[in-house]
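Asks: Structure provided below as structure tokens; questions to follow.
Values quoted throughout were computed directly from the atomic coordinates according to the rules given, and no laboratory measurement underlies them. Quick caveat: nothing in here was measured; it's all calculated off a predicted structure. For neighbour counting, all protein chains shown are included, and Cβ atoms are generated from backbone atoms with ideal geometry for every residue, glycine included.
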Amino acid sequence: MSSIQIDVSEVVKKLDPKEMDQAIAVALTGAAETLQADMETYPPKPATSRYVRTFNLMHSWNHMITRNPLSAIIGSFGVPYAHWVQGEDQAWMHVGRWQTVTQVAKKRTEDVKRFIEGSLERWAKR
């Protein structure tokens, strides 16, 4: 009997899910930090506004990486009005001035993909 044997045992050893999860977690952290920075960015103050900015909204943005499932969560915590400024139910006076979470997510989709692909490529080459 003729046969060809392909040994992939060395490759399979490299596919340690814990190590791959760590590589993805690093990528998710980078992506989350980028998204968070975008959400923390304030638009220019209107020229006629007398409102004194507190920057509470900017400081409320944070991110966390969860393990099961492996994901990144970016959110505004502790500022009850955040959804009227940057959420999907944005108040009329903020429309067109403040970025919403959906706008930032769409704008950064390719960047997030690059973070994850790059991290997995580096992991695979180690």
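Asks: Per DSSP H run of at least 4 residues, take -39500 (n - 2.57); add these up for the chain, divide by its residues and hand me the 222 nm value, nearest 500 deg cm²/dmol.
Replies: Values: 6 runs with 64 residues, N = 126.
Rounded to the nearest 500, it is -15000 deg cm²/dmol.
Asks: Would you mind giving the three semi-axes, in whole Å and largest first, of the ellipsoid equivalent to the range 36-93 according to its Cα gyration tensor? Mind showing how you got there, number by number?
Replies: Details: eigenvalues 143, 28, 18 Å².
The equivalent ellipsoid of the range 36-93 has semi-axes of 27, 12, 10 Å.
Asks: So, counting K/R as plus one and D/E as minus one, what does the shell of residues with Cβ under 12 Å around GLN86 add up to? Write out the running numbers ahead of the final one.
Replies: Numbers: positive: ARG97; negative: ASP38, GLU40, GLU88, ASP89.
Every neighbour counted, the sum reads -3.
Asks: Just add up the charged neighbours of THR100: K/R +1, D/E -1, any other residue whose Cβ is under 10 Å from the Cβ of THR100. Present the calculation step by step, with values, prior to reporting the outcome.
Replies: On the way: positive: LYS106; negative: GLU88, ASP89.
Surrounding charge for THR100 is -1.
Asks: Which order do PHE55, PHE115 fall in if you start with the one that has the fewest other Cβ atoms within 10 Å? Before the final figure, lay out each step's value.
Replies: Values: PHE55 9, PHE115 22.
Starting with the residue having the fewest Cβ neighbours, the order is PHE55, PHE115.
Asks: So, one more: For a quick check: with amide H placed at 1.01 Å from N, whose amide H comes under 5 Å from TRP61's, ignoring anything fewer than 5 positions away on the same chain?
Replies: Long-range HN contacts for TRP61: PHE77.
Asks: Per residue of the range 109-123, what does 6.51 cos²θ - 1.76 cosθ + 1.60 with θ = phi - 60° give for ³J(HN,Hα)? Whole Hz please, x for Gly and Pro, Karplus curve as stated.
Replies: 3, 5, 5, 4, 4, 5, 4, 5, 4, x, 5, 5, 5, 5, 5
Asks: In degrees between 0 and 90, to the nearest 10, how far off the longest principal axis of the chain does helix 17-40 point, with axes built from Cα atoms?
Replies: Approximately 20 degrees, to the nearest ten.
Asks: What are the principal axis extents of the Cα atoms in the chain, in Å, biggest first?
Replies: On the principal axes, the chain reaches 86, 24, 23 Å in Cα extent.
Asks: Output ³J(HN,Hα) for the range 46-63: one whole-Hz value per residue in order, computed from phi by the Karplus curve 6.51 cos²θ - 1.76 cosθ + 1.60 with θ = phi - 60°, and x for Gly and Pro.
Replies: Rounded to whole hertz, the list is x, 4, 9, 6, 9, 5, 9, 5, 9, 6, 4, 4, 4, 6, 7, 6, 8, 9.
Asks: Show me 75-87, 39-51, 22-34 ranked by packing, highest mean number of other Cβ atoms within 10 Å first.
Replies: Working: 75-87: 15.0, 39-51: 10.4, 22-34: 18.2.
Descending packing order for the listed peptides: 22-34, 75-87, 39-51.
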